[in-house]
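Q: The following block contains the structure, expressed as structure tokens.
The values are calculated or read from the model by the stated rules, or taken from the named source; none is laboratory data. Only a predicted model underlies this, so the values are computations on that prediction, with no experimental measurement involved. Cβ: placed from backbone, ideal geometry, glycine included. Neighbour counts: every protein chain shown.
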Amino acid sequence: MSTPLNSTGPSTTPHPAEPAGAPACPVTGATAAQGATPLYGPGLDGDMLPALYEQLRAAHGPVAPVSIAPGIDAWLVLGHRELLQLTRDEQDFSHDPRRWTLLREGRVPADSPLLPMVGWRPALLFTDGQQHRRMRTAVSDALSGINGHELRRQVRDTAEHLISAFTARGEADLVADYARLLPLQVITGLLGLDKDTGRALVEAIAQTVSATAASADASKRMGAILLQLIDEKRRRPGPDITSALLHHPARLTDEEVLHNLVVMFVAGNQTTVNWIATSLRILLCDPAFRSSLSGGHMTVDDALDLVLWKFPPTQNFPARYATRDMTFGGQPVRTGDMLILGLAAANADPRILPAAGRPVVGNRSHLAFSAGPHTCPAQDPARLITRTAVDTIRHRLPDMELSVPEAELEWIKSPWSRGLAALPVHFGAISRP
Ligand code: HEM
């Protein structure tokens, strides 16, 4: 494994990190510090990212220097074994962004679009050890209190409703008309919000994390909606996640409940959108799945697993922060450096893939949900939502077909999220009312 030690790591890079004449990345078009490959830029092309991960692996080994914004460098962890170590070892790798050197030194601009994603909140995603376990128990218990039958019914009803809105047209974009709408309606329902307030919350959260001029106001609106929900559920608990968090023996404060609700919403929405749409793409396009499904060998769950292996809905996840100087994956990692979880790259690590290259059906050792104490606590409800959404539309529109050649489908331009920009389909008389 080649692990050159002469590459510039995050904390050793001078700021600002763009020396004159730094070469532009062929994939993203961005320039970055010498040695750190940019994962951002005007030309960021979702299709090219898997090839970029392999170039990084070949050049640097399982941990590679990247930059995620101008002047913001980090380590991308590409190796499956190294990613397990990163996620399991809380002593060496903290979840708390207040340890991040670039943030502590004021080198992350206040309006950086990264901050809504990695800025500290009093929520489980940003804590370690005892403090994390306290909130995690409350969140996990609230999630396991979800009634599966009821959730399936809610997803099916929401799906039927969305499908009815476009069946007469004979065509739809399954991203814009279906996958993007379904999880947010279901998740706001799980939190205990009615439809209109749910919609208002969705808009406020989207604007808050957009890092635009509207963000500050939107953040206040989001806080007001959630505080009102918390107030209501304290007085009149219902069969929902908010009530379960508020009345959990872990005794979360209202502020902690609020921020954990935001984390659940943000962590669960786009990921589930991506999982639904990419699974539908596989069922529509992959001849092995089309024929196997009708022949009964492959299940929808197999398609869902294939997505988690090959197109994990979160391809890279920020972040962990080194708590000490160390050599990790052959690289000189310094205290306070940011490390990014390269979930897609770790799944494609040649050291763990079967020789044929295609992951074995039924094998769930992928890292799409990460691992260790912070592994996604919502794997079961997320799968249930995704499976039901996929099943419902397949049964309602049995003759749907892709409207463009598969090669024309595009991925969204993001180094974090792996999802389709659009999935245009058409269907005939069998599916119309
Ligand atoms: C109903 C849908 C979902 C909800 C409510 C949800 C909720 C959460 C929460 C609360 C966390 C933080 C856990 C912690 O820090 O202890 C988390 C982490 C995470 N979730 Fe989910 N999630 C959902 C769906 C998904 C899906 C579909 C994926 C991708 C397949 C996913 C991938 C992840 C990943 C990669 C993490 C990061 C774990 C880490 O920091 O190591 N989640 N999720």
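Q: Pick from region 125-136 the residues that are part of a helix (DSSP H, G or I) and either more than 17 Å from LEU191 (Cα to Cα) or at pLDDT below 95 (or both): which of them is nearest to the ligand (Cβ to nearest atom)?
A: Of the residues in region 125-136, the ones part of a helix (DSSP H, G or I) are 125-126, 129-136.
Checking which are either more than 17 Å from LEU191 (Cα to Cα) or at pLDDT below 95 (or both) leaves us with 125-126, 129-134.
Numbers: LEU125: 4, PHE126: 8, GLY129: 12, GLN130: 13, GLN131: 11, HIS132: 6, ARG133: 9, ARG134: 11 Å.
The selected residue is LEU125.
Q: Shifting gears a bit: Scan region 299-338 residue by residue and report those that are in contact (Cβ under 8 Å) with a residue 24 or more places away in the chain and β-branched (Val, Ile, Thr).
A: VAL300, VAL307, THR314, THR323, VAL333, THR335
Q: Among the residues of region 144-172, write down those that are touching an Asp or Glu at 6+ places or on another chain (Cβ under 8 Å), of a type in the set (A, V, I, L, M) and surrounded by 14 or more Cβ atoms within 10 Å (Cβ to Cβ).
A: Residue satisfying the conditions is LEU162 alone.
Q: Name every residue in region 325-349 that is part of a strand (DSSP E or B) and either within 16 Å of the ligand (Cβ to nearest atom) or under 23 Å from ASP286 (Cβ atoms) (or both), in order of residue number. If you could, list the steps in order and put the result at the bottom.
A: Pass one, region 325-349, residues part of a strand (DSSP E or B): 326-328, 331-333, 338-341.
MET338, LEU339, ILE340, LEU341 - these are the residues of region 325-349 that are part of a strand (DSSP E or B) and either within 16 Å of the ligand (Cβ to nearest atom) or under 23 Å from ASP286 (Cβ atoms) (or both).
Q: Step by step: first the residues of region 97-121, then only those that are crowded, with 17+ Cβ neighbours inside 10 Å and within 14 Å of the ligand (Cβ to nearest atom), then the one that is modelled with the lowest pLDDT. Which residue is that?
A: Here the answer is VAL118.
Q: Does any residue of region 76-95 turn out to be crowded, with 17+ Cβ neighbours inside 10 Å, in a loop (DSSP other than H, G, I, E, B), of a type in the set (Val, Ile, Thr) and within 16 Å of the ligand (Cβ to nearest atom)?
A: No, region 76-95 contains no residue that is crowded, with 17+ Cβ neighbours inside 10 Å, in a loop (DSSP other than H, G, I, E, B), of a type in the set (Val, Ile, Thr) and within 16 Å of the ligand (Cβ to nearest atom).
Q: Checking the conditions here, which among ALA422, ALA378, ALA371, ALA389 is touching a Lys or Arg at 6+ places or on another chain (Cβ under 7 Å) and not β-branched (Val, Ile, Thr)? Spell out the reasoning first.
A: Numbers: ALA422 fails: touching a Lys or Arg at 6+ places or on another chain (Cβ under 7 Å); ALA378 fails: touching a Lys or Arg at 6+ places or on another chain (Cβ under 7 Å); ALA389 fails: touching a Lys or Arg at 6+ places or on another chain (Cβ under 7 Å).
Answer to the selection: ALA371.
Matching residues to (1) part of a helix (DSSP H, G or I); (2) away from the ligand (no atom under 14 Å from the Cβ); (3) touching a residue at least 40 places away in the same chain (Cβ under 8 Å); (4) on the phi > 0 side of the Ramachandran plot:
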position	(1), (2), (3), (4)
ARG351	no, yes, yes, no
ASN363	no, yes, yes, no
PRO381	yes, no, yes, no
THR386	yes, no, yes, no
ALA389	yes, no, yes, no
THR392	yes, yes, yes, no
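Q: Please work out which residue is nearest to GLY223 (Cα to Cα), limiting yourself to region 240-259 and to residues that are assigned to a helix (DSSP H, G or I) and aliphatic (A, V, I, L, M).
A: Taking region 240-259 and keeping what is assigned to a helix (DSSP H, G or I), we get 241-246, 254-259.
Subset that is aliphatic (A, V, I, L, M): 241, 244-246, 257-258.
Numbers: ILE241: 17, ALA244: 19, LEU245: 17, LEU246: 16, VAL257: 11, LEU258: 8 Å.
Checking each candidate, the answer is LEU258.
Q: I've got another one for you. Among the residues of region 143-200, which ones are away from the ligand (no atom under 15 Å from the Cβ), farther than 16 Å from THR388 by Cβ and among the β-branched types (Val, Ile, Thr)?
A: Across region 143-200, the qualifying residues are THR167, VAL175, THR197.
Q: Next up: Got a sec? Which of ASP196, ASP157 is free of Cβ contacts under 8 Å to residues at least 12 places away in the same chain and within 18 Å of THR242 (Cα to Cα)? Please lay out each step first, then the result.
A: On the way: ASP157 fails: within 18 Å of THR242 (Cα to Cα).
On inspection, the qualifying residue turns out to be ASP196.
Q: Go through (1) in a helix (DSSP H, G or I); (2) of a type outside the set (A, V, I, L, M, F, W, C); (3) modelled with pLDDT of 95 or more; (4) within 14 Å of the ligand (Cβ to nearest atom) and name the single condition ASP305 misses.
A: With respect to (1) in a helix (DSSP H, G or I); (2) of a type outside the set (A, V, I, L, M, F, W, C); (3) modelled with pLDDT of 95 or more; (4) within 14 Å of the ligand (Cβ to nearest atom), ASP305 is out only on (3).
Q: Next question. State yes or no: is ALA322 within 16 Å of the ligand (Cβ to nearest atom) and within 30 Å of LEU226 (Cα to Cα)? Before you say what the answer is, go through the steps one by one.
A: Values: within 16 Å of the ligand (Cβ to nearest atom): yes; within 30 Å of LEU226 (Cα to Cα): no.
Taking the combined requirement at face value, the residue does not satisfy it.
Q: Select from region 212-238 the residues that are aliphatic (A, V, I, L, M) and surrounded by fewer than 16 Cβ atoms within 10 Å (Cβ to Cβ) and write down the one among them that is farthest from the ligand (Cβ to nearest atom).
A: Quick first cut of region 212-238, residues aliphatic (A, V, I, L, M) only: 213-214, 216, 218, 222, 224-227, 229-230.
After this cut, where a residue has to be surrounded by fewer than 16 Cβ atoms within 10 Å (Cβ to Cβ) as well, the list is 213-214, 216, 224, 227.
On the way: ALA213: 29, ALA214: 25, ALA216: 25, ALA224: 22, LEU227: 20 Å.
Per the criteria, the residue is ALA213.
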